[in-house]
Each structure stands twice: as structure tokens, then as C-alpha cells.
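A short write-up of the structure that comes next.
What follows is calculated from the coordinates using simple rules that are stated; it is not laboratory data. Fair warning: this is a prediction, and the values are worked out from it, not measured in the lab. Cβ: placed from backbone, ideal geometry, glycine included. Neighbour counts: every protein chain shown.
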Amino acid sequence: MPQEAPIPRFGHKPQVAFFDFACCEGCQLSVLQLEEKLLEILGHVDVVTWREAMTETSSEYDIAFCEGSITTEEDIERIRAIRKQAEVLVTLGSCASGGCHNELKNQWSMDEVLGVVYGDDAGGISTIPSRPISAVVDVDYQTFGCPVSLPEFVTVVSCMLTGQHYEPPNQPVCVECKLNDYVCVYEKGEVCLGPVTRCGCNAICTSFGHACQGCRGLMDSANLPAMLKALTREEAHSIMRMVVERHSLTEDEIAAKLRIYNNWPELRMEEAQPDDD
Amino acid sequence: MREADSVDVTEDITRFYQPELARVIAKQRLSEMMVMLRLQRASGEMLEHQPGQFLQISLPGYGEAPISFCSSPTRTESFELCVAAVGNLSEAMHELRPGDFVGIRGPYGKGFPLEDLRGRDVLCIAGGIGLAPLRSLINYVADRRAEFGRMILVYGARKPSERLFKDDLANWDAREDFETLYTVDEADEGWTGRTGVATVPLRDEVEIDPTRTTASVVGPPVMYRYVAAELLAKGMAEDDILFSLERRFKCGMGKCGHCQLNDLYVCQDGPVFRYTQLIGRSEAIEVWAPEDERQ
Amino acid sequence: MAAELLMTPYAMDRFMGRLIAEGPVMGPRDRRVQPGFVKFEWLSSADELVLEYTTTTIPPKKAFFPPRQPLFEFELSEPPTITAVQEATPFTLVGVHPCDLAGLSMLDDAYAREPAEACWPAARARARVIGVDCLPDEYCFCFAMNTCNSREGADLFLTPIARGYLVEVLTEAGEEMLRLSDVEDAEDEDRSQAQAFRRDKGNRLSASIDASPEEFAEILETQELGELWREIAGRCYSCGSCNTTCPTCFCFDINDEFDLGLTGGQRVRTWDSCQLQEFALVAGGHNFRRIRWQRVRHRWHRKFLYLYRTFGRPYCTGCGRCSRACTADINIVDVSNEVIARARGRV
Amino acid sequence: MTTDANIHVHHITRVEGHGDVVARIEDRMLKEVRFSVVEAPRFFEAIVRGQSYGEVVHIASRICGICAVSHKCAALQATEAALGVEISPQTDLLRRLAFHGEVLSSHLLHIYFLAAPDLLGLPSVMPLINSAPEIVRRAMRLKQIGYDLAAMVAGRHTHPVAMTVGGFSFLHDPAQMQEMRARLVAILGDLDATVELFSTLELPDFERETEYVSLTHPDRYAFYSGELMSSEGDRMPVSEYREAIHERVVEHSTAKFTRWNRPEYMVGALARLNNNYEQLHPSAREAAERLGMQPPVHRPYAITVAQLIECIHCAHDAIELIDELTQTGTHAEEQQAPVEARAGLGVAAVEAPRGILFHEYEYDDEGKCVSANHVIPTGQNLGNLNRDMLEFTPTIIDESPDRIQHLLEMLVRAYDPCISCSTH
Ligand SMILES: Cc1cc2nc3c(=O)[nH]c(=O)nc-3n(C[C@H](O)[C@H](O)[C@H](O)COP(=O)(O)OP(=O)(O)OC[C@H]3O[C@@H](n4cnc5c(N)ncnc54)[C@H](O)[C@@H]3O)c2cc1C
Ligand code: SF4
Ligand code: SF4
Ligand code: SF4
């Protein structure tokens, strides 16, 4: 099937808008780093709204790229309106798709976090427990990562424009790490969240010798009880014994590590195992 | 340099994976989910196949997947495939128009053993889109009617609107020398035929001589266990029951590992198996056994 | 037995230099960004080669079957065009341990099984292989798998000795290669040092599987060990590292990728793993090995039963990579012995 | 002639984050003018509590996607101070090099993509993609080198996880370093072309003298480390920042305001240029002369020009740092200093692209964070920006409301505010 502009799915050159919610805006910035690839993508679409980069705006668009988490009542209204207008809604990065640091604050009451940051003067500022966009409206395509994984972004854009579905991979980072022939950070005595974290980043952190922080969120069949066992098991062979002894992590500490990117919905160590009956 | 019998270093080593082109010459919508495509090799040459075999079909950019032949090898100038829209590739195939190209590799796999079927009574049991590969066999029997004994078809579809090959169904039904038992799970207003699952007419209405009959079964995985029980109850030998199985295929040639069923490669050793081959193979049986019976 | 010669370290350096000058050479190399860890890589100079090493993360099969390999490129013209992405440069693979030589040979058999796959043998045919004896680590058990002195498919084989390397010339191609080198005749002392090296290595390899391959296969075939598989699965992440590091695994996936121009792209083959949850999933949601323990069991069955029966030897070289890579510390020797112990306890 | 104007720019464009410009003019009298920050806070100071030091630095980097290296380095230095970790000279050099990458990419993003369209009379850079593709390509090339430089050293530009407490989790590839040097040399021409472009553009001529606050360092133009300095003459170690910098919550803003000697002060490229001009690389000073930017410069619209001058400094200094690293070689032993958890309090300040940035952490004896404080450059500039608006608007009161609005938006953009970061 030859593909030529206009993109068949839309019947015309689709119009694209970018929106941001609570986040560091590193995802947009990362997309800008695509350089030549970005120019190629821009050849297929018309960007009509992108507050960060342009003053022009339009309330008509086909595709909305949204980053950030939902943290206010106003955000909920805004994302619903965007959903109504956009034929295709793509979430950019973990804040929007899964859960990110933003959701760490849900561990406490909103009054407490307001008090810690603003002291007694917080009166005028309101906030609600943070949640990803995908928890508020239906999302057509999700991309994960903090910041967004560029290989995945490119894949999603090409799937979207050729009318294909994209399912976030349900494989751990270890797969990509191994296929790239990287050194497992456990070999260096560090704890890596790769075995339970959804891949798609091409194992970027382990590529430079750093443990996977889990920024893309847990994969569907993540075996969290296995992680508790592996990191506390005393009768291990040499590499894992080194890891266990060096860190002597408690179950709470392991959970705290996992929670950084996985606190929406609230992380429960014993539950995340839909793989087995 | 190592000796390599019959390997030419300079030859195109990926040809194993390269599809040849075929052209869509006709397209027919069979139901909401299904279209039938009639294809011809771009080279114009004939493609020989056996009923029950499959092709690896692809649209560059959208992927590759196994699809069974649904036309009879007796009708050779072109061949037909029938595709359910379930994912990226199959949905894109629904968009094809006559004149468009697809990639094909194959035919692959072991189909229904025609030599063994000759002279015997042919009992076909189809569930849902399982009728597609069986149509290839049934029309083969129709075209060479004298070579076979009785021809019995039990076909269950979920709804009347999901029934495939309505023209064929009517033709077969009209033939004196075919016995047809059609049923649907859920009737609608216009439906006057049987309702209920296919095992019911199989149990209550089909009488066979178990020593003369070979059963060919294609349907969803859950169907096999119940059908097997009925056939055995009728006194059939396990060796005379043929099942066509579905698995995930990537290469179609027993290498990629995706279709492994215990030690068997479904794409190579099947997709059509005798029940005898499957008994004792836990990955066939476990799959048929519902949750409660899993050890 | 093949001819045995001596190559001094200096001669080895010059030999490697010349090989590299002659054509591409892949061999174990220290990682630039993570010193202390070795991987198979294309070498740009002789001093990059590390001949004494324990093990690599990914086995040398990647020289013939890259983890990610474009099969062909396509262009969606009318009619669409398909162009092979073909690479046919001869190369030399250096520094392959005996167990990995055996692994390569097992894949030769697997891919040659009818219908033969063409990529692998063609890639093999364009390469010369130089093996080297190994330094065992705490995870390997090649002795038990009978691969520790394998020379399969090697053209030359090196054993470290005091004066350098003892070179076994195993094929004509090996002899032909030596025209690039300055070798001397080996003396008895060199030969006995090489033997001592192997003996010493053997002594350090204590792990072993407590049953013969045939008995182990029978146990797997006849015993229901659901409980044990469930226990292992309770610790297993289904991360697939045991497969992706294994020299004898050869499963793969094939997927299409569009270029951003959206009119062309490529079909790509990548290594796959039977431990991953979606390995046996088909459209419509049916997963033929959905439950973790079924996948764990499949791995043992495939290596020690199915492929053993098909090819006459277990598809495990004893390299220990899977145990080393497993971040759940599921050890292939421990589990195998547990299988055997439980089976024997039962009978 | 305008008598009334009611300006409300909801979510000003071409800046990072969400802020509103409000101006009310009645009868030629300025009734109200302000820039207010309406960004939703993410509560970083609250959420790092309980996390262990290794995670704290990663979380802190997520305060900002543009200046993540700065946040990371501030968090690292503060944490290293708290835990008593001594980093190697090699680590110090590498971090400084990564810093230059970030300053280059951040400044050039602002110069070309956010600020330049105003000066060229365009709504955004998009129209240039077709009309002047060579400028867009130059801009992308320049920006990219900043990303790539930071990524070479720190693994990734946005959220550089390879920078760890005590050092780095990997060693860059020396071959890549040489490639990078060649690229840096090659873009000097692009920077020169940018200077050329800017020397022809006209900036609104508004001047207001204020207090300029930055780091200063005895040996070099300070980015990565130094002492706290005010143009009013004060200097003090960074650890005493609470003596000088007073934060307060104000109405209409989710970001806090600050004061020191004056009720408001300026931080950022112009403050640094005014305070540390003599330490700029000679080529950067030369460019400053060409652009008429010898200090003291009191024109806020010229912040963008100061950024350009800093880019030239950073490119040259990066080349020199690479040469230094090449000469000494990089060594695996120096990659990572030993780190032990212990209780302690640490403060650090760096010069982020938008100005001085403070991080402060307190850890318990297991190395878990007890409390944190972040003072962000954009927050510190808000008071000064509002004061500028207050003094500038009456001077343009006769312009059309559109023009007033445009000039005010340009003024906000000149500060290159990073709003989500200021709220954090
Ligand atoms: C022997 C055999 C015969 C078949 N005959 C027919 C037929 O006649 N008509 C029909 O409609 N369907 C048939 N199927 C099923 C058909 O192959 C799948 O529906 C098809 O792969 C869906 O592809 P997709 O890309 O549209 O779906 P997706 O869900 O997008 O598939 C995703 C990926 O998984 C792979 N995949 C998913 N399911 C399968 C599968 N069952 N086998 C191999 N790969 C899979 C695809 O290649 C694709 O890359 C047959 C399957 C087998 C094994
Ligand atoms: S480094 Fe992490 S992601 Fe890579 S293999 Fe090890 S555990 Fe998996
Ligand atoms: S490497 Fe270990 S955890 Fe991962 S799939 Fe294999 S056995 Fe399971
Ligand atoms: S199964 Fe494990 S020990 Fe055996 S060959 Fe594979 S990786 Fe090596």
C-alpha cells in the first residue's frame, strides 16, 4: 500500500498540537533533539499549537501530544477538552502515561505537602493527588520514559501515521540490555530495576553503566515478589550474594525504590503478578 | 575457511526470508470481520498447495503472518485466502484493493493427508473461521467426488452474520452427495436453522462408521477437547482424528521457535496433526484443558 | 592429532596485526566505557584483543547472527521492491572458548536441519575461527557438559603456556592463516604445559549435573515436576536473560519498521526468548505458554530433552552464562540437580 | 492614542512553563502590571523526603528538563558536601564540561527558538523552516552540539543519570572526545554567524540598574562552582546563602520570590556577564565588544545577547577542557569516589543557564533525606522582572495595546523564564 500525503487515516495533512501538564517539560525538549528525524516528521504534519515553541495557536487539531501529570481540577477539565477535540491523543513520557515522581506526593495528604513547601502561606494554592493522563481520559498511543524514550516516540509516530496500533512492550529492560551486549549492573554489585521495568528505551541507562531506575514503569507481568526474594536471599551465588550483602535492602527499601516511578495506582508489592494464577 | 557444502558465500543469504510478490485479483467481504482475497503470483506461475497448508503473507511495513489457503488446489490459476481483521497486518489487508501487491512465502506445513483420506468417509468439523482451511479440503472433495466416501460437514458459527462462504454453504447444502449440519451459537431473527454449539449436532445427528471415517477438525482451541470426546465416543480411533492447530509463527520453517508444542514445531510438523501425535504432549493437552483441570 | 606449534606473545601480536590488516577481525575486547568487562567486538588493532578472559555477556554467535539483523529493505512503490541487505565480507573470529566452539557447532546443526536456514551457514562459511583455551569462572560447568576441550569448527586453537601460546592447526584454512605468522616448533615442555593448563582448568570446574544426558532427558520426559517448576517460577522474572546470553538458543522474532519517510523501511530479525510472557501469544489473546512455570519448564525441556533427542546432545555447553546473567540467581546446575534429586526421591 | 488597555495573556507562549502577563491601563494611568506564575507545583522539596541519597539526586534532576545537568550537579555537590565525599579532579573537569553542553543547548534554544522570532517579527521559528531553512539548520546544529556534549560526558542530556554521587557510572569514550572537539571547532563559525545576525537586530532600549547576583570563582568564569557574589559588593561562601537570600511566598504565584540587599535582584547570563566579565574567554569578550555589551549593562532585553556571548565562551572553554582531559587522560580509578551514608547537611550552588541555583539537603545516618530546599533562578528573577514591568510600562503607555502587550511579552521572554522549574 503506497503511502503518500495526505496521510490516509486523516484524509489530509494532519494538524498537530502539543500540550503540557505538570512536569519538567523534558519530553518536549527531548523530541526537539530528534533533529533531522523531527524535520522528517514535520514534513507529514502541520504543527498548529505548541505553546513552548510558537505563538500561533489553533483550536482545531487532529493529533494532540500531551506531556505531564494531572495535578489540579483545572487540569482535568483541560485534558477532557483536548480529548474531545483530538482524534488521536498521544501521551508523551511517564508523567503522562504511567506514573512518575509526581505521584510520589500521593503518599502524603495534600495539606502536608503544601505545608512542607509553602509553610503557612499556602492558602491560595490547590493541588489534588497526581495521576497520569491515561488515568483521566482514553489515550490512543502511549510513550513512556523520563524523559520520553526517543526510539519509542519514533515508532509510535510511524505507527500512528500509517494507521497501526502500538502496544507498549511487555518485556523487561533486560532484553534490550542484553541484545546490546551491555554489562549487567548486578555484575558490579548494584541493584537494577531492569528485570521488572517495561523496555522500549533501548536500555539507555545501563548503556552507560547505570542501573535502570524504572522510569518506564513496571511491565504488565512484573514479578515483584521475585525481586523481594532475589534481593534478600542469603544462599545466593557469588554475584547476587555480593549485591545482597552490599545493599542489605529491606523489603520497605525495595518498595521505596520501586515506588519512585510506580506510585499510580499506589504500589503494592504482593499484587503485581497477573502472569500467574 | 570452513567447508560449507552447498552454501555459496556470495549468494543472497536472506532469501529464506524474502517474500515474492503476489497480486490481489479479487476481494470479497464475507462478514464484518472477514474478507476473502483472491491472489495470483506476480510471476504468473501456479502455486501448488495442499488443503491445510498455509502461506506466510506480508505487507511490507505491517508485518507477516500465517494464513491458510481456503481455496482448493484443484482450482489452480489463482488461490484464495480469508483474513480476519484482528491486528495491524490483517487490518491493513482489509484495505487492499484489486491490483495491489502482497508478499508471500510458502506454501508451508503439513496439510490434510489426502492420500490417507482417499476412499474414506470425510467428516469435517469447523468452528468459526476454522471453516477457511476446511473449505480448501471440502472443495477438493467436491471436485474429485468419486475418490472419496461420504462427505459430512458440521459447521458452527457464533452468529448468522459471522457465517463464512455463504454461497459455498448453500451449494454444499444443495448437493445430494454432501451431508451438512449447520448451527449458530446465537440465532437472530432471520435464522431458522439449528442453534447451539457444534458438538451438539455432532453428538446427536451424525452417524458414522468409525472404521471408515477420518475426522478433520479446525476451530478455536477450546473446541478440540469437546470434539475429541464426541468422536472417541463414536468409536473413532485417535489416529483418524486430525486437528489443525494455531500457534504464533515467525519463520514458518521450524526455526524461530515460536510455534513449539513440546518437541514439535507446529509450522513444520503440522499445522495438521493426528490426535495420536498430541496425546501425551502436555503443551497440547494443557491448552485444551480449561483452568480447573490444570495441574 | 593436528600439528602443534609455538607462537610467542610478540609473534601473536604481529599475527593479529596482520590478520586485522587483511580483513575484519572480531574478538574479545575490553569495554571502552566499562573497563574490566570483555565483549566480542570488531578489533581495530592487535592490542585491543584480550585472549585471557573468563566469559563474555553475549556469546560469539552474534558474529553470525546479530541480535538485531535487517533481513531486507522495502520500498512501497508499485509494485513494492524488496532489496536484500547483504553482507558478504569474509572475516576472522578470534578468541572463542571451547564451550563456545561447541555452541556454534550446535547452531550449525540446528540451522542445517531441513529446511535449512541460509543466513547462518552463509555467515559461517565466510569466517575463519581461532579458538583459545579459557579461564573458568564460578558459574561454568563445561567439564560436565563435555565441551571443555571442544575444537569443533576451529581452524586454529591456542592454549596459553609460559612461552606464549601452543597453536593447534586444525584445518587447511588454519594452516593457510599461519602464513601470516612467525611460528616455531613446539617442544615437549610446551605441550606438557598446555596439558597442565587444561588439567588445572578441569580441576577448578567442580559443578556438574548429577545424571547422564540420557537419564536427565528421561526424567524430564516422564516426571511431573509441576511443584518444582512453580517454585522456580516464583523467583523468575521472565526477563529472558538466560536465553539472550545462551550460546545455543536460536529463537527469533521478525518485525517490520517504517522509515520516517513512510514509504519504505525494513524487516528486522531480533533475538527472542521463550521466557518472555508474550512469546507464544497469538492474535486474539490466546497464549499457549501463559503461565510462568510453563515457560520455565519449557526451557529445561527444550535444552535437555527435545533438542537432545533431535541432535544427540543436550543443548547446553556448560558456559554458565545463564546462571551468571540471572538476576534472580536461578542457577542451571542447581535447578537441574534439584530436578534429578526430586525425581530420584520419588521413584 | 491609547487611553485604556486591559491586557491578560493567559499562558504566555515560547517560554518554559505556565505564566500570565497582566496589565491594566486606565486613562493613560498604569493601574496594574505583573507577571504571575500559575504553574502547578510538583512539590519536590516534599517528595524527596525519605529517599536515599542516590535516588535524591536523580529525582532532583527532574525539576527541570532543560537544565537537568545544573540541577543534577547542584544536588550532587550538596549531597557530596553532606556525606563528606571528595570527588576526583577528573570528575570535576568532566562535570564542568557537561555544564558547557547544557549552557550551550539551553541558551541556543532560547536565542533561536524562543527569542529570535520576536526580533524577526515572526510568531515562531516554524515559518523559517520553509523560508530560511539554512538558519533553522544552523540553529538545530548549534543546539544539538550542546546536547551531544552533555550526553558524551553524562550519558544523556535530559536527566543525566550517569552522573552519580561521587563521580560517574561510566567513562566516556576518548575517541568520541576528539570527535566532539572537532565539532566544537567547526561550530565556532556558526556562532560567529549568530553574532553577525544579532548585531543587526534591534532591541527595545529599556534600561534599569539593579542588583546582580551570581557565583564568582577566583580562577574562571563561574558555572559549576564558586562563591556567592552581589554587584553591591558582598561575597560569601555558598553554605551561608540563607543569610543573604530570603525567600517568600507571594500572591498570584506558585513560585516563591527572593530578595537580598535590594527588594529584587537579577540572576542569569547578564548578571554573570556584569559580575565576571574579565574572566570570559577573549573570543567571547571580543564578541561582546562587537555587540556593544561591555559591562555594566543594565538592559534586561540584552539578556539574550549576554547568553550568546556566554555560548562563545562555553564553546572555547569546552575545547580547552577537552584538551586538558586529553593531556591528563581519563582513568577508571578516578571515575567514582567511595561514598558512605552518614548524617549531614549540605548546600551547593551552581550557575544554571538562567542563573544561580541553590540546593540544600539534610540526610539521616542511613543516608535518607530528611529535608530539602531548592532556590531556583527563575524564582529569583520574578521580583526583578515585575519591577522592570512596573517601570517600563509607563514609558510605553502611548503605544497601542497590542504593542504594549508584545513588548511586555518580549520582556518576559528575555528573562528566558523556566517556570515549571521555578515552581518545582
Ligand atoms: C497455521 C495458521 C493458519 C492461520 N490461518 C488463518 C486464516 O486463514 N485466516 C486468518 O484470518 N487467520 C489465520 N491465522 C491467524 C493469523 O495468523 C493471525 O490472526 C495473524 O497473525 C494476525 O496478524 P496481525 O498482525 O493482524 O495481528 P496482531 O495482533 O497485530 O499480531 C501482532 C503480531 O503477532 C503476530 N501474531 C499474532 N498472532 C499470530 C499467530 N496466530 N500466528 C503467528 N503470528 C501471530 C503477528 O505476526 C504480528 O506480528 C492462522 C494462524 C496459523 C498459525
Ligand atoms: S543491567 Fe539491569 S536491565 Fe541490564 S540485564 Fe542487568 S538487570 Fe537487566
Ligand atoms: S534469567 Fe533468570 S529471571 Fe530471567 S527469565 Fe531466565 S531464569 Fe527467569
Ligand atoms: S543453558 Fe546456560 S550454561 Fe547452558 S549453554 Fe546456555 S547459557 Fe550456557
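Before moving on, here are some points about what is shown:
- Tensor-based shape of the stretch D:157-209 (alpha-carbon gyration tensor, a/c under 1.5 rounded, otherwise prolate or oblate): oblate
- Taking other residues whose beta carbon is less than 11 angstrom from the beta carbon of residue D:390, and scoring Lys, Arg as +1 and Asp, Glu as -1, yields -1.
- Bridgeable lysines around residue B:159 (alpha carbons under 25 Å apart, same-chain partners fewer than 8 residues away excluded): B:27.
- Percent antiparallel among DSSP beta bridges (both partners in chain A, rounded to 5): 25 percent
- Sequence-separation-based contact order of chain D, relative, with Cα cut under 8 Å and 6+ spacing, percent: 27 percent
- As a rough footprinting exposure proxy, the listed residues A:69, B:43, C:105 were ranked by other beta carbons within 10 Å of their own, and the order from fewest upward is B:43, C:105, A:69.
- Once both labels are positioned 7 Å from their Cα atoms along Cα-to-Cβ, the gap between residue C:230 and residue C:138 label points is 3.2 nm.
- Share antiparallel - DSSP beta bridges, the stretch B:114-287, percent rounded to 5: 20 percent
- Computed from the C-beta positions of residue A:252 and residue A:77 and an R0 of 35 Å, the FRET efficiency is 0.40 to the nearest 0.05.
- Dimensions in Å of the stretch C:3-204 - Rg and Dmax from alpha carbons: 18.4, 70
- Antiparallel %, DSSP beta bridges [both residues in the protein assembly as shown], to 5: 70 percent
- Signed unit charges on C-beta, dipole axis of the protein assembly as shown, positive-most listed residue B:56, C:99, C:77: B:56
- Global geometry of the stretch D:89-244, whether rounded, prolate or oblate, following the gyration tensor of its Cα atoms and the 1.5 cut on a/c: oblate
- Only Cα pairs under 8 Å and 6+ residues apart enter the sum, and on that basis the relative contact order of the stretch B:86-196 stands at 22 percent.
- Set of aspartates and glutamates with alpha-carbon distance to residue A:257 below 16 Å, sequence-local pairs under 8 removed: A:103, A:190, A:266, A:270, D:55, D:366
- With contacts taken as Cα pairs under 8 Å at a separation of at least 6 residues, the stretch A:15-161 carries a relative contact order of 28 percent.
- Counting Lys and Arg as +1 and Asp and Glu as -1 over every other residue whose Cβ lies under 15 Å from the Cβ of residue D:178, the net charge comes to -3.
- The residue D:341 and residue C:210 beta-carbon pair, evaluated with R₀ = 35 Å, returns a calculated FRET efficiency of approximately 0.20.
- Neighbour-count order for C:47, C:329, fewest beta carbons within 10 angstrom listed first: C:47, C:329
- Per principal axis, descending, Cα span of the protein assembly as shown in whole Å: 106, 93, 56
- Across D:159, D:172, D:252, mean-square fluctuation computed from a Gaussian network of chain D (C-alpha pairs under 10 Å connected) peaks at D:252.
- Among the trypsin sites (Lys or Arg not before Pro) found in the stretch B:206-235, those both in a DSSP coil and sparsely packed, with 14 or fewer other Cβ atoms within 10 Å of their Cβ, are B:212.
- Spin-label pair residue A:245/residue D:232, simplified geometry with 7 Å Cα→Cβ offset, distance in nm: 5.8 nm
- Three-way shape label, chain D, alpha-carbon gyration tensor, a/c 1.5: oblate
- Comparing mean-square fluctuations of A:163, A:200, A:68 from a GNM of chain A with C-alpha springs under 10 Å, the top value falls on A:163.
- Fewest-first sequence of B:41, B:29 by Cβ atoms within 10 Å of each Cβ: B:29, B:41
- For the stretch B:214-229, there are no residues whose amide N sits under 11 Å from a probe point set 7 Å from the Cα of residue B:166 along the beta carbon direction.
- For chain C, built as a Gaussian network whose Cα springs stay under 10 Å, the top-fluctuating residue of C:280, C:46, C:102: C:280
- Around residue B:209: net Lys/Arg minus Asp/Glu count, Cβ-Cβ under 12 Å: +1
- Extension gain, residue C:310 to residue C:52, is 89.4 nm, computed as 0.36 nm per intervening residue step minus the present C-alpha separation.
- Efficiency of FRET between residue B:29 and residue A:270 - r from beta-carbon atoms, R0 56 angstrom, step 0.05: 0.70
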